[in-house]
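Heads up: the structure comes next, in structure tokens.
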Amino acid sequence: MARFFRSMRLFGAAALTSGALAAPVLGQGFDLRSLFTPGQTTGAVTPPVAPAPANAAPEWSGESGSSGHPTMTADAIRAAARNFRNCLAGLWPLAERRGVSRAAFEAATAGLTPDLRIMDLMDAQPEFTKSFWDYLDILVSDARIENGRAVLAQHRAIFDAVEKAYGVDRYFIAAIWGVESNYGTQIGDRSVIRSTATLACIGRRQDYFREEFLSALEILARGDVKADHLKGSWAGAFGPTQFMPTSFKRYAVDFDGDGRRDVVDSVPDLIASTANNLKKDGWVPGQTWGYEVVVPQGFNFLNADRARVLTMREWERAGIRRPGGKAFPRPDDRAYLLVPAGAQGPGFLMLPNFRVIMKYNPAEAYALAIGYLADRLRGGEPFVQPWPRHERVLTRAERYELQQHLARHGYDVGEPDGRFGGKTRAALRQFQAAAGHVPDGFASETILERLRGR
């Protein structure tokens, strides 16, 4: 949630979570403990490293990240790890300005070592590397739908009160709960302090995570969440709906009136805080996320762009229809067209609430999964149109390569990072149109080969 890095905790946030730092895996040739000697600390005593249990979590691979970012090379990661204690010492004055006591800071950071396994996970976000259809298969399963309906029934009174107070549809809150942590069963077991400290000092988003680390210290100082319960994903998101520390500060509420904003152990605080997040991000009461639509033959896919927002009536005049001839409930609603699988798959008209969900997590695959799961929890039917499951999904390295090719030819993809968002898709549509392909923005193996040949 969380802007940029709320995306990091999705699906993988819980499913990719592993335990505390372990001894190196055989064959990896890298031992984190070798980076630390007593002379490299800043006054704190480095405790002896105990032998790792046989089932310990995997250590960092020792390899460069796939994003291609200079701070994600193996050498840069090692150098930053060696400087970790100095980096933490440099953060103390910033923590002090926020009212964190020296004793609290030392208690949180004494003996802390970086969790370098995070560097492998940082460049492997599934919402940017899996196909939309594989992603939806995993997150909107029959079991998740059944369990979500049970959660809605169990906490009906709380959902009633929260819906009345914030005007946010309960099914979307339950869907976020289900996607983020499988209804609290996979919230992650990494220390939020350790994860955010690692990312504040190592890797490609240090400025962003410095704020997350300091905010996590503030949460402990206020006593909202117990220290031993402040655990979560490798990116530092915690609780069943996975709040990043900065988002917690902005949106968490004390709905049960006990004087603490506890999104980990208090269901009323959890549900209300998630609703408050969506409300403050612009949730439109009474409106859904969007609709599955059929895109006609011969459609100009250059119009499938976030910037092209039309009313439902206008989309209908362009030949866009709902499957089965269903009517759009509110013809004056405005939406943009998303075709995540290009001309071979279903289309979706996205309403303003879809953009709100993307503020919670800026990945279209995530927002579509939330909307789809919310509909299924409500009793809605599955998507009707088939996905092009025969298409091979490009690897992260291939996606990065494709972006580089587009940039070299003068198309604006932003900073190449192997993740496909609206900007990359728009650039790809422009290239496809110029090359005589259907400009649907779908990154196929054929398109990559065409770019390689130029």
By the scheme Lys and Arg +1, Asp and Glu -1, what is the net charge of all other residues having a beta-carbon under 15 Å from that of ASP305?
+3
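Relative contact order for the range 171-234: what is it in percent, counting Cα pairs under 8 Å that are at least 6 residues apart? Display every interim value, and only then the final one.
Working: 57 pairs, mean separation 24.2, N = 64.
Averaging sequence separation for qualifying contacts and normalising by length gives 38 percent for the range 171-234.
Using alpha carbon coordinates only, what is the Rg to Rh ratio of the range 71-206, with Rh defined as the Kirkwood radius? Walk me through the numbers before you get to the answer.
Details: Rg = 20.1 Å, Rh = 18.3 Å.
In the range 71-206, Rg relative to Rh is 1.10.
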Which percent of the accessible area of the range 130-245 is formed by carbon and sulfur heavy atoms (probe 1.4 angstrom)?
45 percent
Rg/Rh (Cα only; Kirkwood hydrodynamic radius) as it applies to the range 297-369
0.94
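DSSP loop trypsin sites (Lys or Arg not before Pro) in the range 273-345 with at most 15 other Cβ atoms within 10 Å of their Cβ, which ones? Can you show the working numbers first?
Numbers: sites: LYS279, LYS280, ARG306, ARG308, ARG313, ARG317, ARG321, LYS326, ARG334; in loops: ARG306, ARG308, LYS326.
Filter output for the range 273-345: ARG308, LYS326.
Rounded, prolate or oblate, given the Cα gyration tensor of the chain, with a/c below 1.5 counting as rounded?
Values: a/c = 2.18, a/b = 1.34, b/c = 1.63.
In terms of gyration-tensor shape, oblate.
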For the range 333-454 the mean separation of alpha carbon contacts under 8 Å (6+ apart) over residue count, i.e. relative contact order in percent, is 23 percent
What accessible area per residue comes out for the range 111-195, rounded to a whole number of Å², with a 1.4 Å probe?
35 Å²
For LEU94 and ALA327 in the same chain, what is the full-extension length gain: residue separation times 0.36 nm, less their Cα-Cα distance, in nm?
78.3 nm
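In debye, nearest 20: dipole of the chain around its Cα centre with unit charges on the Cβ of K, R (+) and D, E (-)? Kindly include the intermediate steps, with their values, before the conclusion.
Values: 56 positive and 50 negative charges, 169 e Å.
For the chain, the charge dipole is close to 800 debye.
Counting Lys +1, Arg +1, Asp -1, Glu -1, what net charge surrounds TYR411 among other residues with beta carbon under 10 Å of its beta carbon? Could the numbers behind the result be given before it?
Values: positive: ARG408, LYS423, ARG429; negative: ASP412.
Within the 10 Å Cβ shell, the charges total +2.
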Protection-proxy order for peptides 295-305, 380-390, 258-268, 181-191, each taking the mean of Cβ atoms within 10 Å per residue, highest first:
181-191, 258-268, 295-305, 380-390
Highest-first arrangement of 146-152, 414-420, 172-178, where packing means the average Cβ count within 10 Å:
172-178, 414-420, 146-152
Nonlocal amide H pairs with ARG190, under 5 Å, H built at 1.01 Å:
GLY232
Could you tell me the distance between the Cα centroids of the range 154-187 and the range 247-293, to the nearest Å?
8 Å
³J(HN,Hα) across the range 413-420 via Karplus (A = 6.51, B = -1.76, C = 1.60, θ = phi - 60°), whole Hz, x for Gly/Pro?
10, x, 8, x, 8, x, 10, 9
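Pairs of Cα atoms under 8 Å, at least six residues apart: use those to get the relative contact order of the range 285-388, whole percent. All intermediate terms of the calculation are to be shown ahead of the outcome.
On the way: 135 pairs, mean separation 32.8, N = 104.
The normalised contact order for the range 285-388 reaches 32 percent.
Taking 0.36 nm per intervening residue step and subtracting the Cα-Cα distance, what contour gain separates ARG156 from LYS280 on full extension?
Residue separation times 0.36 nm, minus the Cα-Cα distance, leaves 42.3 nm.
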Once you've got the Cα coordinates, tell me which of LYS130/LYS226; LYS249/LYS279; LYS130/LYS423; LYS326/LYS359; LYS164/LYS226 are over 26 Å apart.
LYS130/LYS226; LYS326/LYS359; LYS164/LYS226
Computed helical MRE - 222 nm, the chain, DSSP H runs ≥ 4 contributing -39500 (n - 2.57), nearest 500
-13000 deg cm²/dmol
Taking placed amide H atoms and a strict 5 Å upper bound, the residues 5 or more places from VAL294 or on another chain that come that close are ARG321, ARG322
For the range 302-404, what is the accessible area per residue in Å² when the probe is 1.4 Å?
41 Å²
Heavy-atom accessible area per residue of the range 208-279, all protein chains kept, 1.4 Å probe, expressed in Å², is 29 Å²
Note on the range 361-420: the mean projected area of its alpha-carbon convex hull, in nm², is 5.7 nm²
Long-range amide H contacts for ARG334: which residues qualify at under 5 Å (H placed 1.01 Å from N, peptide plane, sequence gap of 5 or more or a different chain)?
none
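The values are calculated or read from the model by the stated rules, or taken from the named source; none is laboratory data. Every value quoted in this text rests on a predicted model; they were computed, and no experiment measured them. Cβ coordinates were reconstructed from backbone atoms using ideal geometry, including for glycine residues, and neighbour counts include every protein chain displayed. The accessibility values were calculated without ligands, DNA or RNA, using every heavy atom of the protein model including side chains. Shrake-Rupley method; radii C 1.70, N 1.55, O 1.52, S 1.80 Å.
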